[in-house]
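K.L.:
Right, I'll just put the structure down here and ask away after.
Derivation of every value follows stated rules applied to the coordinates shown; laboratory data play no part. In this text, all values refer to a predicted model and were calculated from it rather than measured experimentally. Cβ placement follows ideal geometry from the backbone for every residue including glycine, while neighbour counts extend to all protein chains displayed.
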Amino acid sequence: MNSPNAQATAIVSMLQALGASPVESQELGYLRIEAQVPSTIDDDLLSDLFRLLHKASDRYGHDFGKDRTSVVWAEINTPGSGGQSASLPHTSSIVGRPARGAHVVLYTCTADAESANRTLAALNTFAAAQGWTVIHEAYDLAPLATSRRGRAGWRAIERALRDGSATGLIAQSEQEVASRSADRLSLRTFIIDQSAFAVYLGAAPLPGPAAVWSGTYDLAPGSVRELRVLARVRLSMRRWPGDVDAAVEVLARLAVNAVTHGRPASQAPAKMHIHLSFTDEGNLLIDVEDPNPSFPDAQAALNGERGRGLRDARDLGAELLWFLAPDGLGKTVRAVLPPGEGLA
């Protein structure tokens, strides 16, 4: 599927089959396709869509509109157009719609000034390659868990986006700006509300496993379907080169196991916490935390000798382990999946 026309036709046809009304626009150097995705879309069909976008587009994304609608978009480079800005890297994550000739701000949050200056220099080089004008750059030397309001550097960046002097934000990773999932959703809403865009290069790994996605969900069967959809979207958009289908199924098995066996002794309404991350070697770590520290016959279960769910996870290629929470009031079951060969 090498022709831009063939790629576009495949994407448009798929979106139409899902009940969406895709809109195509020819930009300088690329063709853009976007469509509002129905909220009732089946998770298997959604996974098919993201597999196609992974193969048939040069960039793609999943944005929230100002009215909280869900919009899928894809961009396909068109040859021979001349004068277009350099292509955004496949590792980048994009919120909003990058504009040619935009005025942008650069930001990083790290532990020392030397690392901050090195990152800002790389962001400057990237912005220049896109034909963007950098009007301000800032950094904060603070833990990533520090709220945005508590960062002087970020407040300067936010002012430039609010007053319109900048319409784009460039950073190494979204996690540097907002470390928690709820904060990242708030950040994306802020970017969209300013009619701005953000590009996160995602090239330099953070110390330790790099967070992909985390969230807290009801310890109930209804959460498992939601987890399947969200995990597939997150891993597809991050272009993890492993078996995404297997990873989604492993997460589902661990979540079902938590729902079945992870309730606290009090039987009060409870939550499970999901955390996905990458190691430097590209392994995917799937952590499912529940509020019950008890794990009878743990080793037998992890070896696939007791119960079907964890045995299925092992059969899907996962290495399994578990550990107690630091306060002893809960536990985490972890699955480790290798990057493998990825999607063809």
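K.L.:
Size of the dipole of region 103-200 about the Cα centre, Lys and Arg at +1 and Asp and Glu at -1 on the beta carbon, nothing else charged, in debye to 20?
P.N.:
Details: 10 positive and 10 negative charges, 49 e Å.
Here the size comes out at about 240 debye.
K.L.:
For region 103-200, state what percent of all Cα-Cα pairs lands in each successive 10 Å bin, counting from 0 Å until the bin that includes the largest distance.
P.N.:
For region 103-200, the pair-distance distribution reads 17, 54, 28, 1.
K.L.:
Could you please report the charge total around Asn5, scoring K, R as +1 and D, E as -1 over all other residues with beta-carbon less than 15 angstrom from its beta-carbon? Intermediate values should be presented prior to the final figure.
P.N.:
Details: positive: Arg32; negative: Glu24, Asp58, Glu75.
Its environment carries a net charge of -2.
K.L.:
Turning to a different aspect of this structure: What dipole magnitude, in Debye to the nearest 20, does region 210-337 give about its Cα centre under +1 on Lys/Arg Cβ and -1 on Asp/Glu Cβ? Each step should come with its number before you reach the end.
P.N.:
On the way: 15 positive and 16 negative charges, 64 e Å.
Roughly 300 debye, rounded to the nearest 20.
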